[in-house]
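The next block holds one structure in the form of structure tokens; read it before the comments.
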Amino acid sequence: MHAVRVVCAVIYSGGKILATRRADVEGPDCWEFAGGKIEAGETSEQACRRELLEEQGLSLGVLWYLDTIEHDYPDFHLSMDVLVAPLDGARESIADDNDHRWLGRGELLDIGWLAADRRIALMLGTLWDRIFQEEHL
């Protein structure tokens, strides 16, 4: 089984986090945290900044490491670095639509997450107050 190394950002703005719909996955469980593959020679932070600028048009400020999720899908092993990206004003620049959802703590399981991303959503629900403390933002 081959391994894929990716990074995702928990984008936090105005008390909510951003979920994005994955276009190449069919069915209801197609939501994920924004991010993408880490290219050769890139750090997780560099890849996250590049992907979020390319995909969402967002320039990130502070990023901090939260966790690494390891998950076996049927065809590959995923290793996903999870970074937190507090971003004032992001909710004004990215509106809720078919491809984006802003979710508060009580809404985290209102959508169908991809399996590895669901693990992050569950962690966020449990540790929300610790992760999004004022001193971290």
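Just so it is clear, none of the values below were taken in a lab; they were calculated from the coordinates. Owing to the predicted nature of the structure, the values given are computational and were not obtained by experimental measurement. Here the Cβ is made from the backbone with ideal geometry for all residues, glycine too, and neighbour counts use every protein chain on show.
Please work out how much length the chain gains when fully extended from Tyr65 to Leu53, using 0.36 nm per residue of separation minus the C-alpha to C-alpha distance, in nm with one decimal.
So the chain would gain 2.5 nm between Tyr65 and Leu53.
Using a 10 Å cut-off on Cβ atoms, rank the peptides 107-119, 67-79, 23-35 from the highest mean neighbour count down.
107-119, 23-35, 67-79
FRET efficiency for Val4 and Glu107, Cβ-Cβ distance as r, R0 = 41 Å, nearest 0.05?
0.90
For segment 32-57 and segment 1-24, write down the distance between their C-alpha centroids in whole Å.
10
By how many nm would the segment from Gln133 to Ser79 lengthen if fully extended, with 0.36 nm per residue of separation less the alpha-carbon distance?
Here the segment from Gln133 to Ser79 would lengthen by 16.8 nm.
Multiply the residue gap between Asp72 and Ser93 by 0.36 nm, knock off their C-alpha separation, and tell me the result in nm, one decimal place. Before the final figure, lay out the partial values.
Working: separation 21, 0.36 × 21 = 7.56 nm, distance 3.40 nm.
Length gained between Asp72 and Ser93: 4.2 nm.
Tell me which residues come under 5 Å, amide H to amide H, from Gly112 once H is placed; ignore anything under 5 positions away on its chain.
Close amide H contacts, sequence-distant or interchain: Cys30, Trp31.
As a test, work out the antiparallel percent of DSSP beta bridges whose residues both lie in the chain, rounded to the nearest 5.
On the way: 19 of 32 bridges.
Antiparallel bridges: around 60 percent, rounded to the nearest 5.
How many percent of Cα pairs in segment 2-136 exceed 24 Å?
Result: 22 percent of Cα pairs exceed 24 Å.
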